[in-house]
Structures are given as C-alpha cells and as structure tokens.
Amino acid sequence: MLRSSVTPAGRETDPDPAGAAVSETDLEGRISFVNKAFLRTSGFAEAELLGQPHDIINHPDMPRSIFGQMWEKVCRGQEVFLYMQSRAKDGSAYWELAHVAPRLDAQGRVAGCRSVRRQADADEVAEIAPFYRRIRDLETAAERLPQPSTPSPMPPLMPQRETDDGVADAA
C-alpha cells in the first residue's frame, strides 16, 4: 500500500471528542466511507480520502506487524480491538482505541472492514506506547539484516530414500 507523504509534525492532537470516528474499507484497504468525526480528527476532506488506502493516516511509528495481524483476523471474520497511533493531514499524531470488524457482503463473505475509533485513555497510551516502540524497533532492525538473493532450499524434514520406481520416499 502507498504511504502518505505527510511528514509527522512532532506534536500530539486529540481525536474528535464529539463522537466516534468511523471508516470503512474494501479488502484492498481503500477507503469507501468516513463519517464527519473521522474528517474532523484527520483533517482531510472526504474527497481526499475516498478511494485512497487507509494507511494515508498511519503514523510511521505504528508497528506494521500490528496492522498485519489486524487484517489477518478481519479477513478470517474476527473483530479486533487495538490501540492505534494515527497521523492527521497536518502531521500531528493522535492515539485512538479502535474496534475493527469485518464488513460482510450479501453472501456472508468478508468484503472489507469497518473501524470505529474513540480517543484512547492517556494512561493506557502511556502503557502501550513503549511496547509499540519496541516492536517497531525490532521491525526496523530486521529490515537491516542482509537478505539472501535467492531462497535457500529447505532440507527435507525426514530422510529421503529412492524407491524402485525412482520416486523419493520418506525413510
């Protein structure tokens, strides 16, 4: 997915206290609906968001693996509650407690997700933020590891022996 070109501003802001910020996406993560609270909190106009990847509001300090686990569960039809650090259009950061649930089509198949977010409690953010920072540091360190140019062949789990017909068989 594309990353937003908005640079974090190094300042915090609060989500809209007037109500829950709601967004919906398709299975590709493209935004198909946002409510007014989402627009007020993010600072974007509806036309700037519809059809765009939801990660347009992802803060770069947010661990990518958290999003991976969230999508994995939603695609299996499960709901998820998680803390999210997001980034407004002006670059300011804000923390929310999100309830993310699958959106189903007429046949009952997962067609996307619906996220309902409220301002996160400051004490809870103080607990979760160092944990998320550690995960992100580990992700960054893993990205720096040398990657093999070609995958190494996996050794067989069981010793192989050739049968009379020339086909390998487990010993």
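The values are calculated or read from the model by the stated rules, or taken from the named source; none is laboratory data. Since the model is a prediction, treat every value here as computed from it, not as a measurement. So basically every Cβ, Gly included, is an ideal-geometry build from the backbone, and we count neighbours across all protein chains shown. With ligands, DNA and RNA removed, areas are computed over all heavy atoms of the protein, side chains included. Shrake-Rupley method; radii C 1.70, N 1.55, O 1.52, S 1.80 Å.
Points worth noting:
- Members of the stretch 17-44 found to be more than 13 Å from residue 118 (Cβ to Cβ), aliphatic (A, V, I, L, M) and not in a loop (DSSP other than H, G, I, E, B), listed by number: 31, 34, 39
- Qualifying residue in the stretch 123-135 (condition: at pLDDT below 95 and either surrounded by 10 or more Cβ atoms within 10 Å (Cβ to Cβ) or more than 30 Å from residue 67 (Cβ to Cβ) (or both)): no
- On inspection, residue 27 qualifies as open to solvent by 50 Å² or more (accessible area, probe 1.4 Å), touching a residue at least 24 places away in the same chain (Cβ under 8 Å), out of contact with any helix residue (DSSP H, G or I) (no Cβ under 7 Å at 6 or more places or on another chain) and more than 13 Å from residue 98 (Cβ to Cβ).
- Selection count where residues are assigned to a helix (DSSP H, G or I) and hydrophobic (A, V, I, L, M, F, W, C), scope the stretch 68-90: 4
- Residue tally, condition more than 22 Å from residue 72 (Cβ to Cβ) and crowded, with 18+ Cβ neighbours inside 10 Å, over the stretch 98-122: 1
- Once the stretch 6-53 is narrowed to residues that are within 16 Å of residue 120 (Cα to Cα) and among the small types (Gly, Ala, Ser), the residue that is modelled with the lowest pLDDT is 18.
- Pair list, Cβ < 9 Å and 6+ apart or interchain, from the stretch 100-127 residues that are touching a residue at least 24 places away in the same chain (Cβ under 8 Å) and part of a loop (DSSP other than H, G, I, E, B) to residues that are open to solvent by less than 50 Å² (accessible area, probe 1.4 Å) and β-branched (Val, Ile, Thr): 120/128
- Here residue 65 meets each of (1) touching a residue at least 24 places away in the same chain (Cβ under 8 Å); (2) in a loop (DSSP other than H, G, I, E, B) with one exception, condition (2).
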